[in-house]
Each structure stands twice: as C-alpha cells, then as structure tokens.
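Chemist: Take a look at the following structure, please.
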Amino acid sequence: MNTLIYTILILCAIGVGAALILYFVARAFHVEEDPRIDDVEKMLPGANCGGCGFAGCRAFAQAMVERDDISELYCAVGGGDCMKSVASYLGKVAAEKQPMTATVRCGGSCDKRPRTTTYAGTRSCAIASATYIGETNCAYGCLGYGDCVEACAFGAIRVNPETGLAEVDADKCTACGACVSACPKGIIELRKRWPKNRAIYVSCVSKDKGAVTMKACKAGCIGCGKCAKVCEFGAITVENNLAFIDSAKCRLCRKCVAECPTAAIKMIGLAPLPPKEKTENQ
Amino acid sequence: MRTFPIGGVHPSDNKKWSKASAIEAMELPDVVVVPLAQHIGAPAVVKVAKGDKVKVGELIAEAGGFVSANIHAPISGTITAVDLQPNGQGLRQMAVTIKREGDEWLESIDRSEELVRDCSLEPAEIVARIKAAGIVGMGGATFPTHVKLSIPEGKRAEVLIINGVECEPYLTSDYRTMLERGEQLLVGVSILMKAISVDRAVVGVENNKPDAIEHLKALAKEYVGIEVKALKTMYPQGGEKQLIAALTGREVPPPPALPIDVGAVVCNASTAVAVYEAVQKNKPLVERVVTVTGASLAEPRNLLTRFGTPVESLIARCGGLPEGDVRILNGGPMMGRPMSNLASPVMKGCSGITILSGKDALRGEPSACIKCAKCVEACPMGLEPYLLQRYTVKKAWDEIERNDITSCIECGCCQFTCPANIALLDYVRLAKQTVMGIIRARNTKK
C-alpha cells in the first residue's frame, strides 16, 4: 500500500517541479509578439500559395504589421477587399491593384499545330523543353505536359486533352503567379481581369519570322502588324514578329480580332463585331 | 587488365553492325548549313556575307573568344544565307548556308595521301596551327583543342592520353580511324606530345577492339614514347576522368579542377588525326567520320562526311529509315541526343547517327523508386542519382548544388541501370543545366 502512495506522491512532486521550471523558463524566454499579426493572418485567405513573395500567409501578415509602408505588399488571392480590410484594421494605406487573371497565350491546338515527333521522355515541360523543340515545329508553344497544373494550388488550370493546351478557369484563378514561373516557355501571363472574365489577347508567343511560324502552326501570330494599325488606344505593339496587347490599355473594342489573318487574337465572353459594310466612297 | 575504379555499366556494345565497313567518302551535298556554334564555348563570329564565294577550307567564321573555335567552309561555292537554322533538336541557331559549286580547295592545303612524319615546328607554332584549323575534341564533347594544349602557368603536363576507347555502344568511327589511319594518328600523337612538351603518351583502347590494339601496337614500335594500352571494356571509360583514372590511377578532383591538375592532357583518337592533317597538311577541320548504324538499318556505314551535310542524306545513303517507329540519336544510345529534325547538319561533334527501332526505340513505363541504389553503384562520378532526381522534382537547386551536380558527366549509367525505368538522366540533365545557370548568374553578379 505504502509503495503505491509514495509512487503517487513522487510523481506529483516531479509534475509540480517540472511545471514550475517550465513556468519560469517560459517567462524568462518570452517573445513579445504583436497580437495584430494573428488577427491579420485570420483576415488573409490562408492559401499559403506564396504569390505575395513571402513564405506563407503568416510571414506576409508579419510584414504587413511591421512595415510602415505597405504599398508594395499585395495579396492577389484575397484581392482588393481583403487588402482594404487589413489596411483599415492596421490604419495603413493598401496598394490598389487591378484584379488579374492568368492567361495561357498559345492557340496551337492539335488540329492547328501538326505533331512531327513523339516525345517518350519524362512528362514534364521543363525536361522536354531542355531536351528539344517539342512534339511540334513551334519552339514557343505549349507543350501540354502540365507543369503549370502541378504548380497551381487552386486547381484553376488544367490541360485540355482535346487541344493539348493548358486552360485557366478564371473563376478559380487567384493570379498568384505560380504557373507563370512554372512554365518553361513563358507562355502564361497575368492580365487584367474584366467583369464576367471577358478578355482579348494575342494567343501566341512565337518570335519566329512569319513564314516559320505559319509552317509550324496555323494559329500563330505572324507579326503582320494589322492589329496594331487598327487599334485606336495604342494598346498593341509588334516586336520581334509578335503582337502584344497591353491589357491595361485595351478597351475590348474587338477591332483587332476581326483584322487578324490567322485568328491568333482570342476573344473570351464577347460577341464578334458585326461585319463592316463597305461603301464605295469610303 | 585495367579499368576505372568506381561505377560503370556494361551495355552490349552492338558495334557489329558497322565495324566491318571501311570508311567511305560521303557524296558532296549540294547545300550545306554550317552552324556557328559547333563547339563548347562562345559561338564563332561570322566573317562572310551573303553572295561571297568560298573555297573548301576557307575561314568563314572566327573564334568568338579564347574558348571557341574557327569554322571553315566544308564545300566550295556561294554563301546563300547567314541566318537562323533549326538544329537537330529543332531549335534555331545561327548558321552559314553554302550552295555548292564544284569542289575547289584552297591551294595551301596539301591533299596528297603521302605521310609526312617529321615536324620541325615549335610548340607555340603547333598550337597556333591547331587553333587556326578550328580543331575541337571529336569524341563528342567538342572542347576546343588549342585550349587544352595551352597549359596554364604554374602547371605542367606529364603525360598525353589518347582516347581510343570509344566506349559508346554502336559507334565505330574512332575504331575505323585507328585501323585505317593508324600512321597519321601516331604522327598526330607525336605532334601533340611536342606541343605540350611531354615525352610520354598512352593510347587507351578497350579490349573489344583487339585488332585495333594489335595494329596500333605494331605501328607504335617506330615512335618514341608512345605506348598502346588495352583496357577492360566498361562504360563510360571514354570519359576524360575515367580514362585518366584507368591509365594513370590518378583521380581528377571535382570541378573547377581539370585533368591538367593531375598532369594529364586527354585527346580523342580522331582529334589526333585531325591534328596531323592540320599541322602537316595545312588542312582545317572540314570533315569527319560519322558512323551511321542501327540493327534495322539496311547498310550501316562509316562515312567521311563534310560538315553541314544533312543527316537525312547520310541515312538515305545507308538504305533509308527503317519502317515503323524509330528513335534517331545524334551520337550513341547512351549519351546521344534524340533528333527531331533530320534536315539538320552534321557538326564537328557528331561521331555517329544511331537508329533504334522496335522495342529498342521505346522507353519502359516508369515505376516508383525502391531505393535499391543501383544508380549509386553505377555512377562513375560517385554521385547519388536517385537523390538528385528527387531534389529536381522538388526544385531544391541549392541541395542539388551541394550534392556536386556539376561533376556529372551525363553518361547515363544511372538511367541504364535503373530497374524502375526512371529517366534519371532527364532529371539530372535538367538539374545540371539549371544549377550551372544559377552559378553563372552568381558569378556575373560578383
């Protein structure tokens, strides 16, 4: 009986002793942390995607609390509303940014871009592009092995088996930019997000000369510059045989779409312009 | 019999297809495309313009730096373009296109078959001639030879090693060169010995080529200081560091150390012949022997080919592409680069075109790594390929750098030996490229 009592007593004594030691150690080594960091972290989406450039949402929250000027910080996932609420909580001014969405700029689907070889190597865009041009004769186009799909933390991107191209689900895309850096061909761009996910963009990144591009793909930009001529807002530039529409300047007027001879300019959520009636004296 | 101490594999050598066919001259192509980057280092700087007439052996592009090489016209005719042309992998590179008119050589080139043994030039003059002739390592690495022969101050060469190993399966271009041009090879070796001031040279040949060993041994009796050594067949014995270890027992430390740090200079057997021609005959590097081979190819051959000749014409000469799916490699099956564009030209480093068909052309379905460590055992550089593959998947480039990826010689032993069919070399090559890029960026920042 005595053994039992002593055992219990000794265990209790050790427990109390350890608790005391822990109490004093914890006080001595206490780290003062701003309680606002916890609050800000709760306001953030908690995706830990790293799109802001920090290791995760907590590191971002800490930076928001600690820095006086937070105009360079932005959480693309939470967007403007989230940034505003955090900024008003902290009494700082948040940067205002256009909501963006990732755009895959390649229209070389299987029917437009003939396959010339079969790739039997590891299914990775990075490895394939380090090895050779790819299964088609376009050195710039989407390879379709899905490095971007793997990089996306939000399930917003997939490779369409019918076209062999990556596609973005704009509703799910948070513009974190993970796919942009995952694509070895640099096809994906973050572009301004219009209401109802409407968009106009050049769906090609080929810098080859027109003739070379045309041989490799029927949907490529040949750099003819017709689109740049009709654009009234100066949004289109042609450089290195490639047209580029600046999404900040574009007003979705759709004139360029009708001009493009290879239909490389893509339109989403918009009806085509009615064909212009040409009169004799025009 | 000697071989290198760690790693290595033993693929079936498959040299039987083309080893018996003597070197034949390939017909002159009507048009050649001569890329400006046929070597390791800076691309050459073009010296001609559209419309210029050139003769065979005329300089068309000058070395773009110390580590670079001159490029000469491989045929005579008119320059029709200086522009971007697709290479074997389909990627565009600057190249000079020449349309052929006859076959007119520069008068300064001695085209007689007569053997010129004596060379009274000073070492510096020899190196200058080699540099002028645009000679690069012809085993496949294409490192400019004059750079190897310019021994840095404070270092001393003790032995010249001639690489007659040709460990890559299928290829027989060096083998045929050793058999048919043995005399020229040995004169080339004595010239190289003189250039780096050594009195000893060792020619290493694997024992799967007994006739080449016998032939060279018999010829070498007449040359002072040249020894021919048979080596146990083992892949990748033709790797510079493996060959040094096999022949001298010395280990070259990891990069940036070079073979010269252990007193060795290594040259390929075909390079030695090119050196002979450059120094004794004043002939720049405009052609090479290319093995076109494969089990299903109608007539495998060893063709003496001018640079810039389209690969497809070589295949056509050997009976055309076999039926069905084929894999065409620029090089052998272990290190060769798969080709997607057969109109691409033969370049200085192209020792062979290997055509694999049927099940040889396909890769096995990869399964999970079971950590059997066969790749670790096979790696001749003592790396851990399975680990490098996992780090590559995770993009942990700093970890990969810490694990000495820059030592990797891309021999493919790991991939060859992997029972799970994991394409280890694919990952390791990507990792090596990326890490080298990171290191370069860091160095330029400094």
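Chemist: In chain B, which cysteines lack any other cysteine Cβ under 4.7 Å from their own?
Modeler: When partners are defined as cysteine Cβ atoms under 4.7 Å apart, chain B leaves B:CYS119, B:CYS167, B:CYS267, B:CYS318, B:CYS350, B:CYS369, B:CYS372, B:CYS379, B:CYS408, B:CYS411, B:CYS413, B:CYS418 without one.
Chemist: On full extension of the chain, what length is gained from B:LEU304 through B:LYS232, given 0.36 nm per residue of separation minus the C-alpha to C-alpha distance?
Modeler: Taking B:LEU304 through B:LYS232 to full extension adds about 23.1 nm, to one decimal.
Chemist: For A:LEU273 and B:ALA396, FRET efficiency with R0 = 45 Å and r from the beta-carbon atoms, rounded to 0.05?
Modeler: 0.35
Chemist: Follow-up question, since we're still on this one. Given q = 0.20, 0.23, 0.30 Å⁻¹, what are the Debye log10 I(q)/I(0) values for the stretch A:36-90, with equal point scatterers placed on the Cα positions and solvent ignored?
Modeler: Scattering profile of the stretch A:36-90, log10 relative to I(0): -0.59, -0.80, -1.54.
Chemist: Please label the shape of chain B as rounded, prolate or oblate, based on the square roots a ≥ b ≥ c of the eigenvalues of the alpha-carbon gyration tensor (a/c under 1.5 means rounded; beyond that, a/b larger than b/c means prolate, else oblate).
Modeler: Taking the square roots of the gyration eigenvalues as a ≥ b ≥ c, chain B is rounded.
Chemist: By counting other Cβ atoms within 10 Å of each Cβ, how are B:LEU388, A:LEU270 ranked from fewest to most?
Modeler: A:LEU270, B:LEU388
Chemist: Rounded to the nearest Å, what's the spacing between the alpha carbon centres of the stretch B:197-238 and the stretch B:1-22? Just the number, please.
Modeler: 15 Å
Chemist: Spelling out what I want: for every residue of the stretch B:194-209, take phi, set θ = phi - 60°, compute 6.51 cos²θ - 1.76 cosθ + 1.60 (Karplus), and round to whole Hz; glycine and proline get x.
Modeler: 5, 4, 9, 6, 10, 10, 9, 9, 10, 9, x, 10, 6, 6, 8, 10
Chemist: May I pose another question? What FRET efficiency, computed as 1/(1 + (r/R0)^6) with R0 = 25 Å and r the Cβ-Cβ distance, is obtained for B:PHE66 and B:MET436, rounded to the nearest 0.05?
Modeler: Result of the calculation: an efficiency of 0.85.
Chemist: As a footprinting exposure proxy, order B:HIS215, B:HIS146 by other Cβ within 10 Å, with the fewest listed first.
Modeler: B:HIS215, B:HIS146
Chemist: Which ³J(HN,Hα) values in Hz, rounded to whole numbers, follow from the phi angles of the stretch B:238-247 under the Karplus curve 6.51 cos²θ - 1.76 cosθ + 1.60, where θ = phi - 60° and Gly and Pro get x?
Modeler: For the stretch B:238-247, the Karplus curve yields x, x, 3, 5, 5, 5, 4, 5, 5, 8 Hz.
Chemist: Return the sequence-ordered ³J(HN,Hα) values of the stretch B:111-118 in whole Hz as given by the Karplus equation 6.51 cos²θ - 1.76 cosθ + 1.60 applied to θ = phi - 60°, using x for Gly and Pro.
Modeler: Once θ is set to phi - 60°, the couplings for the stretch B:111-118 become 9, 6, 7, 4, 7, 9, 8, 7 Hz.
Chemist: Please work out the FRET efficiency for the pair A:SER181 and A:ASP111, using the Cβ-Cβ distance as r and a Förster radius of 25 Å; give the result to the nearest 0.05.
Modeler: The value I calculate is 0.25.
Chemist: Next question. Extension gain B:GLU222-B:GLU24, at 0.36 nm per residue separation less the Cα-Cα distance, in nm?
Modeler: Stretched fully, the B:GLU222-B:GLU24 segment lengthens by 68.5 nm.
Chemist: Please average, across the residues of A:114-127, the number of beta carbons from any other chain that are within 10 Å of each residue's own beta carbon, and give a whole number.
Modeler: Working: counts 0, 0, 3, 7, 5, 2, 7, 5, 12, 2, 6, 0, 8, 8.
The shielding value for this peptide is 5.
Chemist: To continue, here is another question. Can you list residues from other chains, or at least 5 along the same chain, whose modelled amide H is less than 5 Å from the amide H of B:VAL266?
Modeler: It is B:ILE161, by chain and number.
Chemist: Just grab the label-to-label distance for B:ASN421 and B:LYS359, each label 7 Å out from Cα along the Cβ direction, in nm (one decimal).
Modeler: Those two pseudo-labels are separated by 1.1 nm.
Chemist: How large is the direction-averaged shadow of the alpha-carbon convex hull of the protein assembly as shown, in nm²?
Modeler: It is 47.1 nm².
Chemist: For the stretch A:79-208, what relative contact order do you get, as a whole percent, if you take Cα pairs closer than 8 Å and at least 6 residues apart?
Modeler: On the way: 204 pairs, mean separation 41.9, N = 130.
The normalised contact order for the stretch A:79-208 reaches 32 percent.
Coordinate-derived values only; no laboratory data. Keep in mind that this is a model prediction, so the values were computed, not measured. Cβ sites come from the backbone with ideal geometry, for glycine too, and all protein chains shown count toward neighbours.
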